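Data first, discussion second: the structure below is written as structure tokens.
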Amino acid sequence: MNKRLENGLIFIWTVAFVATLGSLYFSEIRGYEPCTLCWYQRILMYPIVLISGVALFQKNAKIAMTTAAFALVGGSMSLYHYGIQKLRFLSESAPTCGNVSCTGQYINYLGFITIPFLALVAFLLILITSLFMMKWQKESK
């Protein structure tokens, strides 16, 4: 495996690991109860840590399609979740989801950085890196 692919795997694992630790920090240390959409985003982020970690150990960059799929679905959920937090027309029609409102904002740094925004950034970084890895694999054939 070439160095670019290995670095891509390391980057994907690092981003997913930091996002996982961040989500656990917010819920377990800060005591923020995750809403239903947050849980779905976690369900899509947490496996990326395991998948990319095993792939890194095995030096198997062929998992880029899998991480891209997880990131695309998770990123779409994050974008919608962020939208219902920040866009009035979406928040007014947002469905009720569980004990905690999905429109609630535990954090709001600089007026735009919320937990779904952080998840969106992580999913986008993973998706973009996965797409580059797929391109690099085609080039090396």
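Each Cα pair under 8 Å and six or more residues apart adds its separation to the average, and for segment 32-80 the resulting relative contact order is 52 percent.
In this label model, LYS135 and ASN108 are separated by 3.8 nm, measuring between points 7 Å along each Cα→Cβ vector. Counting only Cβ charges, +1 for Lys and Arg and -1 for Asp and Glu, the dipole size of the chain around its Cα centre is about 540 debye.
Evaluate the relative contact order of the chain (contact order divided by residue number), counting alpha-carbon pairs under 8 angstrom at least 6 apart; express in whole percent. Reported as a whole number, the value is 35 percent. When the charge dipole of segment 3-139 is built from unit charges on Cβ atoms (+1 for Lys and Arg, -1 for Asp and Glu) and taken about the Cα centre, the candidate among ILE10, SER91, LEU50 whose Cα reaches farthest toward its positive end is ILE10.
Bear in mind that the values in this text are calculations on the coordinates, not laboratory data. Because the structure is predicted, anything quoted here is derived from the model rather than measured. Quick reminder, even Gly has a Cβ in these numbers, built from the backbone with ideal geometry, and neighbours come from all protein chains shown.
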